[in-house]
1. Assuming R0 = 30 Å, can you tell me the calculated FRET efficiency for the pair residue 274 and residue 83, based on Cβ-Cβ distance, to the nearest 0.05?
2. For 117, 73, which order do you get if you count the other beta carbons within 10 Å of each Cβ and list the fewest first?
3. Relative contact order for the stretch 224-306: what percent, with Cα pairs under 8 Å and sequence separation of 6 or more?
4. Per 0.36 nm of contour for each residue apart, how much would the distance between residue 41 and residue 194 grow if the chain were fully extended, relative to their Cα-Cα spacing?
5. Over all directions, how big on average is the projection of the convex hull of the alpha-carbon atoms in the stretch 137-191, in square nanometres?
6. When ranked by the protection proxy of mean other Cβ atoms within 10 Å per residue, highest first, what sequence do the peptides 123-133, 287-297 form?
7. Quick check: Cα centre of the stretch 246-294 to Cα centre of the stretch 124-175, how many Å?
8. When each pair of different Cα atoms in the stretch 188-306 is counted once in the 1/r mean, what is the Kirkwood radius in angstroms, to one decimal?
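Values quoted throughout were computed directly from the atomic coordinates according to the rules given, and no laboratory measurement underlies them. The model shown is predicted, which means the values in this text are computed figures rather than measured ones. As a convention, Cβ positions derive from the backbone with ideal geometry for all residues, glycine included, and neighbour counts pool all protein chains shown.
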């Protein structure tokens, strides 16, 4: 008897396509063996740049707000490109003032993005009067009870209020609002283990947890930055944390504000579904985490495709 032959296209399957006719049991076996196309998703952590601190002539400027903080997962489609950008830390204001009792607010941090739908907003600059709105708001200036800037819902919190000439507000953090001259605490990410975060050099390690997007301190006794890279008094936000810069002030002097910390974008996908290309405008490193591969993007802007 001659050998049987199937009519039509040979059966073949991968994670991106399938051909031929498959019965249900064969589809199930291929899916279990990671040889069947199906929904593709990517977990993400997107942290924007922290806000810079302000400068104030003969007064205190507020601390910068932590960068916006977003984490979750999104569906990915084969053949499409997704933009990634990593926000820089906001600049501190220069050591000059346009009038005897005024200074310059710090600059907001840069936005960080993953695709069109995930946009974290840069932390608000530390204020000379009211703090500046942002991912988390900048602290209010130390010239009376000036309020902190507003944080973005779902990304961060409000900055603290200034209370007197030399006590300015701390910036808001991803996990809590600024309180007086204390920067708000950032948020803990669990997208990957503390070891992998350490290998990437991102986030601030507190105990066994990695924090991101803490608020910068306001000036005055007891002023400290929030966990997650928020700078202490006159200390810049830590790089690759999205922490806000720490505010400062002194009598009869103008000090330059310090900058916020740069942000970071982390993407985690199954190792069987790695991207097909990553644009040369992005700086990144990778680590494996069990069945997953983790990408930490630390600078730049470009596209990633599957």
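1. For R0 = 30 Å, the calculated efficiency reads 0.95.
2. The fewest-first ordering by Cβ neighbours comes to 117, 73.
3. 22
4. So the chain would gain 52.8 nm between residue 41 and residue 194.
5. Directional mean of the projected Cα hull area for the stretch 137-191 stands at 3.3 nm².
6. Packing order, densest peptide first, comes out as 123-133, 287-297.
7. 23
8. Every distinct Cα pair counted, the radius reaches 15.6 Å.
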